[in-house]
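Q: One structure coming up, written as structure tokens, with questions to follow.
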Amino acid sequence: MGQTQRIRVRDALTDLILTLFRVNNLALAWGDRLVAPFGLSSARWQILGAIVFAERPQPVAWLARDLGANRQNVQRIVNDLHKEG
């Protein structure tokens, strides 16, 4: 693969990744608006969904792994949800 082709592949990959980031941000903003009337955010909604659809109770670390999220952030959200009932 020549230098020019590597640059084109690199640029295409960069464009793809940036597009995925934009789509993710738009999906999170849409989700936040959708669930705001229920006192939720996209993050809370995502964690509640993972809990509801798990075949059995999962430790926070497993939920975080399955969601591709930071364990400490998931723990904080689970704690907040628990406090709120």
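Q: Assuming 0.36 nm per residue, please report the length gained on full extension of the stretch Leu28 to Leu48 beyond their Cα-Cα distance.
A: Between Leu28 and Leu48, full extension yields 5.7 nm more.
Q: Skip the ligands, DNA and RNA, and give the accessible area per residue of the chain with a 1.4 Å probe, whole Å².
A: With the other protein chains kept in place, the chain gives 80 Å² per residue.
Q: Also: Under DSSP H, which helices of the chain have Cα atoms covering 30 Å or more of the helix axis and a Kyte-Doolittle average no less than -0.5?
A: Span-like helices here: 3-35.
Q: Below 11 angstrom from the Cβ of Gln58, what's the summed charge of the other residues (Lys, Arg +1; Asp, Glu -1)?
A: Around Gln58, the charge tally is 0.
Q: Carbon and sulfur atoms: what percent of the 1.4 Å accessible area of the range 1-61 do they account for?
A: Whole-percent figure for carbon plus sulfur exposure: 66.
Q: Another question, then. Roughly speaking, what is the stretch gain from Asn79 to Thr19, that is 0.36 nm per residue apart minus the C-alpha to C-alpha distance, in nm to one decimal?
A: Full extension of this stretch gives 18.3 nm more.
Q: Using a Förster distance of 35 angstrom, determine the FRET efficiency expected from the C-beta separation of Phe38 and Gln3, and round it to 0.05.
A: 0.10
Q: If you add up the charges near Gly2, with Lys and Arg at +1 and Asp and Glu at -1, over every other residue whose beta carbon is less than 14 angstrom from its beta carbon, what do you get?
A: +3
Q: Assign unit charges at the C-beta atoms only (+1 for Lys and Arg, -1 for Asp and Glu), then state the dipole size of the chain relative to its Cα centre in Debye, rounded to the nearest 20.
A: Magnitude of the dipole: close to 220 debye.
Q: Using alpha carbon coordinates only, what is the Rg to Rh ratio of the chain, with Rh defined as the Kirkwood radius?
A: Reported Rg/Rh, Kirkwood definition of Rh: 1.18.
The values are calculated or read from the model by the stated rules, or taken from the named source; none is laboratory data. In this text the structure is predicted, and so the values were computed from the model without any measurement. Neighbour counts are summed over all protein chains in view; Cβ atoms, including those assigned to glycine, are modelled from backbone coordinates with ideal geometry. Surface areas here come from the heavy atoms of the whole protein model, side chains and all, with no ligands, DNA or RNA. Shrake-Rupley method; radii C 1.70, N 1.55, O 1.52, S 1.80 Å.
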